[in-house]
1. Using only DSSP helix segments of four residues or longer, with each worth -39500 (n - 2.57), what per-residue ellipticity at 222 nm results for the chain after dividing by its residue count and rounding to 500?
2. With point charges of +1 on the Cβ of Lys and Arg and -1 on the Cβ of Asp and Glu, referenced to the Cα centre of the chain, which listed residue (Ala132, Gly199, Gly288) lies farthest in the positive direction of the dipole?
3. Which sequence of Tyr152, Tyr248 reflects their accessible areas, 1.4 Å probe, from the largest down?
4. If you plug each phi of segment 181-191 into the Karplus form 6.51 cos²θ - 1.76 cosθ + 1.60 with θ = phi - 60°, what whole-Hz ³J(HN,Hα) values come out, in order, with x for Gly and Pro?
5. Please list the non-local residues whose amide H lies under 5 Å from the amide H of Val178, H modeled 1.01 Å from N, same-chain partners needing a gap of 5 or more.
6. By its C-alpha gyration tensor, with a ≥ b ≥ c as the square roots of the eigenvalues, how is the chain shaped: rounded for a/c under 1.5, else prolate for a/b larger than b/c, else oblate?
7. Please get the size of the charge dipole for the chain, origin at its Cα centre, with Cβ charges of +1 on Lys and Arg and -1 on Asp and Glu, quoted in debye to the nearest 20.
8. Using a 1.4 Å probe on the protein heavy atoms only, what accessible surface does Val139 show? Give it in Å² to the nearest 10.
Amino acid sequence: MIVPLLTALLAFVLAGLVVFITGNDPIATYEAIFKGTGLQWLFPWPIEDRALAAVNLQQTLIVTTPLILTGLAVAFAFRAGLFNIGGQGQFIMGSIAAVWVGSSFAGMPAFPHIVLAIAAACLAGAVWAGIAGGLKATVGANEVISTIMLNYTAVYIGLWLFGQGGPLQNDQDKSLPVSNDVVEAVHLPVFWGDPVLQGLHIGLFIALVAVGVFWLILNRSTKGYEVRAVGLNPEAARYGGMSVAKSYVLVMAVCGLFAGLAGGLDILGWQFRLATNDIEIGYYGFFGIAVALLGRNTAVGTLAAALLFGALISGTSQRNLDPEVFQPELASNLTYIIQGLVVLVVSADVLVLGVLRRGRGLVGRRKREEPAA
C-alpha cells in the first residue's frame with residue numbers, strides 16, 4: 001500500500017511545481033479541486049454548503065464508476081502478462097451496443113430491457129477485445145499494437161454509425177450526428193440525488209460487484225490460477241499442461257467485458273445517447289491504464305485509484321473549480337499532467353524494483369558459488 005501512496009503523492013508534488021511555475025498557488029488549487037469533488041461531504045466536520053457538496057460527490061462517483069471497470073480491464077490483462085491498451089475501443093463498442101439495444105425494443109418491460117442492454121455491452125466489448133487475444137494466440141501478434149489499432153477501428157465505426165446519414169443516426173434531426181435516446185424505461189435507477197440533475201445511479205453497485213468478481217476470479221478460481229501462472233511464466237504454465245493460447249483469448253475477452261460494461265453503464269446511467277463528439281474525445285479507457293498501474297493491478301487498489309482519478313476529473317471541471325483560484329479551462333490539463341506523472345513514476349518504480357531484485361539475485365548466486373570454488 002505504501003508504494004502507490006508515495007507514487008500518488010510524488011505525482012501531486014510534481015504537478016504542484018508545475019502550478020507554481022505558472023504563477024498559481026498549488027495549495028489553494030488543490031484545496032479548490034478537493035472542494036469541487038464533494039469528498040468533504042463524507043467527513044463529519046461542518047462545511048459551507050452540504051447540499052452542493054453532495055451534488056459534487058454524486059458527479060465524482062458517476063465518473064468513478066466507468067473508471068473502476070476500465071481499470072479492471074487493464075489490470076486483468078496485466079496479471080496475465082498482457083498489456084491491454086484497447087480499453088477505449090472496447091468501451092466504445094460497449095457504448096454502441098448499449099445505445100442500440102436501449103433505443104430499440106421500446107415495448108419491452110424495463111428490467112429485462114436493462115439486462116439485455118447491459119449484456120449486449122458486455123458481449124460487444126468481449127468480442128472486440130477477443131480479436132486481439134485471438135491474434136496473440138494464433139499468430140503471436142503483439143497485443144499492444146493490435147489493441148491500439150482496434151481503438152482506431154472502433155472510433156471510425158462509431159463515427160460511421162452515428163454520423164450524418166449513418167445507419168444508427170437519430171430519427172428526429174438528420175443534421176445532428178447523434179444516436180437516438182435510449183428509452184426512459186432503460187435508464188438505470190437513481191438512488192441518490194435528483195434524476196433530472198444526473199443523480200447517482202445503481203451502476204456504481206454493479207461496478208463494485210465487478211471488483212469482487214475480479215478478486216474471486218484471480219484468487220479463488222482455477223482459471224484465475226492459470227491466468228496468474230501464464231502471466232508469471234508462460235513456458236512454465238505450458239509445461240504444466242495449461243493452454244497459454246486459450247488463456248490469452250479468455251483474458252482479453254474478460255478485459256473487454258469489463259470495458260464494455262463500463263460503456264454500457266455510462267450510456268444507461270447518465271449519457272442516454274451517443275454522439276460522434278463523445279466517441280472522438282472519450283478518455284475512460286485511457287485513464288484505465290493509469291488506474292490499473294496506480295492500483296498495482298489489485299482489486300482494492302484499482303478501486304481506490306479509480307476514486308482518485310474520478311475526483312480529479314470532477315474537481316477540475318469548469319463547473320466545479322473556482323476561476324479565481326485556477327483557470328478552469330486549464331484545469332483538465334492539470335489532470336492529464338498528474339495522470340502522466342503517475343504512469344511515469346510507477347514505471348520508474350517498477351524498473352527500480354526490478355534492478356534491485358536482480359542485484360540481490362546476483363549477490364545470492366555469488367555467495368552460493370564461493371564455497372564450491
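1. So the helix-based figure for the chain works out to -24500 deg cm²/dmol.
2. The Cα lying farthest towards the positive end belongs to Ala132.
3. Tyr152, Tyr248
4. So the Karplus estimates, Gly and Pro as x, are 6, 5, 5, 4, 5, 8, 4, 5, x, 9, 10 Hz.
5. Asn170
6. In terms of gyration-tensor shape, oblate.
7. 1920
8. That residue has around 110 Å² of solvent-accessible surface.
The values are calculated or read from the model by the stated rules, or taken from the named source; none is laboratory data. Remember, predicted model here, so these are calculated numbers, not experimental data. So basically every Cβ, Gly included, is an ideal-geometry build from the backbone, and we count neighbours across all protein chains shown. To get the accessible areas, we keep the full protein, side chains included, count just its heavy atoms, and leave off ligands, DNA and RNA. Shrake-Rupley method; radii C 1.70, N 1.55, O 1.52, S 1.80 Å.
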